[in-house]
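Let me begin by presenting the structure, written as structure tokens, before commenting on it.
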Amino acid sequence: MCWRSVPSAHSTKLVTTLEEFEALKEPWNKLVGDMECPEIFYFWEWNFHYFRHYRGGARLFIVVVRHSSGEIAGIAPLCVHDVRRFGGRARVVADGLLFPNGCVITPDGGTLIVGETFGARLTAFRIAPDGSLHSRRTWAALPGKSPDGICLDADGAIWVASPPTREVLRVRAGGEITHRVATRNQAIACMLGGADRRELFVLSGHVSFDPAKARSYRSGRIDSVRVDVPGTGAP
């Protein structure tokens, strides 16, 4: 989400077509340029190309807020999946998350921990029997990092991939970083696997706004490193 403070007078519009999405490029990037620490994932190019090439069956659903002068004050890029085709229904169980990304569930099935890429933190919820979430809390604040993919180990620590800092971090509840593994390119995801789940697999690559350029870099790779504590939980 991109936002700037404005007086209360405003209007809201939904953008649902690629043509409207394209027209947002200049004001979108101006909003991002006004941010204190903009990340690559905030820019119009990243969001547009991601939706265009990887949306699957999702529908575009961008909320644009304008000041009474017509100036764009905020943009929330969203997409909607029709879950009815899977025979179920969707419901919101948590909101206010800043780009929710990697998730893990503890072995007892009682806690969900979510990486908030734009929030620079891991957030935990208790899971009720009906699947609803409650008792929200900050599990670990990670200033200067951008949590992407995450995985849980048997000691209750979480490995966190952070693309802009090109590293994978092992983090304890409360934010203590016990281990760092540097990556040549941007670390996107990580998982503990292998026969004993002591192999840390790390996906990394040169991230680009342009899918054609990303393919030309041929920088995507999966590396592995042995760790002392095995993985647990789901996924």
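Would you be able to tell me the number of residues in region 201-235 that are assigned to a strand (DSSP E or B) and of a type outside the set (A, V, I, L, M, F, W, C)?
Residues that pass the stated criteria total 7.
Restricting attention to region 128-153, and to residues there that are of a type in the set (A, V, I, L, M) and surrounded by fewer than 15 Cβ atoms within 10 Å (Cβ to Cβ), which single residue is farthest from residue 199 (Cα to Cα)?
128
Exactly one of these conditions fails for residue 56: (1) on the phi > 0 side of the Ramachandran plot; (2) in contact (Cβ under 8 Å) with a residue 40 or more places away in the chain. Give me its number.
It fails just one condition, (2).
Let me spell it out: the conditions are (1) touching a strand residue (DSSP E or B) at 6+ places or on another chain (Cβ under 7 Å); (2) among the hydroxyl-bearing types (Ser, Thr, Tyr); (3) more than 20 Å from residue 174 (Cβ to Cβ), and residue 54 meets all of them except one. Which number is the exception?
Every listed condition holds for residue 54 apart from (1).
Can you tell which of 193, 233 is touching an Asp or Glu at 6+ places or on another chain (Cβ under 9 Å), small (Gly, Ala, Ser) and not assigned by TED's automatic domain parsing to the domain that holds residue 109?
None of the other options fit; the residue is 233.
If residue 42 satisfies all but one of (1) under 30 Å from residue 144 (Cβ atoms); (2) hydroxyl-bearing (Ser, Thr, Tyr); (3) modelled with pLDDT of 85 or more, what's the number of the condition it fails?
Going through the list (1) under 30 Å from residue 144 (Cβ atoms); (2) hydroxyl-bearing (Ser, Thr, Tyr); (3) modelled with pLDDT of 85 or more, residue 42 breaks only (3).
Please identify the pairs in which a residue from region 86-105 that is closer than 22 Å to residue 119 by Cβ has its Cβ atom under 9 Å from the Cβ atom of a residue that is at pLDDT below 75 and hydrophobic (A, V, I, L, M, F, W, C), counting only partners at least 6 apart or on another chain.
98/1; 99/1
Any chance you could count how many residues in region 115-137 are outside any strand (DSSP E or B) and of a type outside the set (A, V, I, L, M, F, W, C)?
The number of residues fulfilling the criteria is 6.
Given (1) hydroxyl-bearing (Ser, Thr, Tyr); (2) surrounded by 15 or more Cβ atoms within 10 Å (Cβ to Cβ); (3) over 18 Å from the mean Cα position of the chain (by Cα), identify the lone condition not met by residue 216.
(2)
Hey, among the residues in region 23-81 that are under 18 Å from residue 101 (Cα atoms) and among the charged types (D, E, K, R), which one's surrounded by the most Cβ atoms within 10 Å (Cβ to Cβ)?
Ranking the qualifying residues of region 23-81, first place goes to 39.
Return yes or no: is residue 189 part of a strand (DSSP E or B) and either within 16 Å of the chain's Cα centre (by Cα) or at pLDDT below 85 (or both)?
Taking the combined requirement at face value, the residue satisfies it.
The values are calculated or read from the model by the stated rules, or taken from the named source; none is laboratory data. Bear in mind that the values here come from a model prediction, so they are computed numbers and not experimental data. A quick note on method: Cβ atoms are made from the backbone with ideal geometry, for glycine too, and the neighbour counts reach across all protein chains shown.
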